[in-house]
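Working notes, structure below.
The values are calculated or read from the model by the stated rules, or taken from the named source; none is laboratory data. Predicted model, so just to flag it, every value in this text is computed and none were measured. Cβ sites come from the backbone with ideal geometry, for glycine too, and all protein chains shown count toward neighbours.
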Amino acid sequence: MRLTKDKATKVPIWVKFFNVPFEYWDSDGLSHIASVVGIPLFMDQLTEKGSRVSFARVCVEVEATSTLPLMFKVSCEEEDVVVKVEYQGLPPKCEHCMVFGHDTTKCVKTEVAALIKIQKETENNPDPGWETIKAKGKRKVGDSNMPTVSESHVEPEEDVLQNLEVG
Ligand SMILES: [Zn+2]
């Protein structure tokens, strides 16, 4: 249940639209206005009756990926009108997961990403103590092996050259 809730990519919220031009005060016009922020579902009773004209309140399904404007312009007969928007009941949204249900700062994935970053930084700049032990071990192996290899290579070559000269 909780996982499903955390992964919500869209939620219905109340959106208040201020300064809506008179010609938009019908279901078609308000749907058009509400579609700027998301998918209009229904309007509240006072908006439907037109008995409150200070603002229109519409229930809109908004996507976590969409940016919610605080104002936008609508074209009227004579000039563009700026409609102001207010959101009610907007749940916390994570900019990292692009879902509703938890805040970006409280995101587990963000915390994990931070841990991975720390791990990578540690790998790039290893602890000096660890590096010293590693280097000593490598040098020992190289010192004992290298002379043995070169000696065994030189000897047979000399034998081959001598044999060729004789033959
Ligand atoms: Zn998240």
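Below is a table of values for the structure above.
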{"quantity": "All positions within the range 74-91 that are surrounded by 12 or more Cβ atoms within 10 Å (Cβ to Cβ) and without any contact (Cβ under 8 Å) to a residue 40 or more places away in the chain", "calculated": "none"}
{"quantity": "In the range 43-87, the residues that are of a type in the set (Val, Ile, Thr) and farther than 16 Å from Trp14 by Cβ", "calculated": "Val53, Thr65, Thr67, Val74, Val81, Val82"}
{"quantity": "Pairs, first of a type in the set (Gly, Ala, Ser) in the range 95-110, second near the ligand (Cβ under 8 Å from one of its atoms) and in a strand (DSSP E or B), C-beta under 9 Å, six or more apart", "calculated": "Gly101/Cys94"}
{"quantity": "Subset of the range 20-44 (residues that are modelled with pLDDT under 95 and polar (S, T, N, Q))", "calculated": "Ser27"}
{"quantity": "Check on Glu158, away from the ligand (no atom under 16 Å from the Cβ), at pLDDT below 55 and charged (D, E, K, R)", "calculated": "yes"}
{"quantity": "Strands (runs of 3 or more DSSP E) lying entirely in the range 30-106 (those with 1 or more residues that are of a type in the set (A, V, I, L, M, F, W, C) and within 16 Å of the ligand (Cβ to nearest atom))", "calculated": "none"}
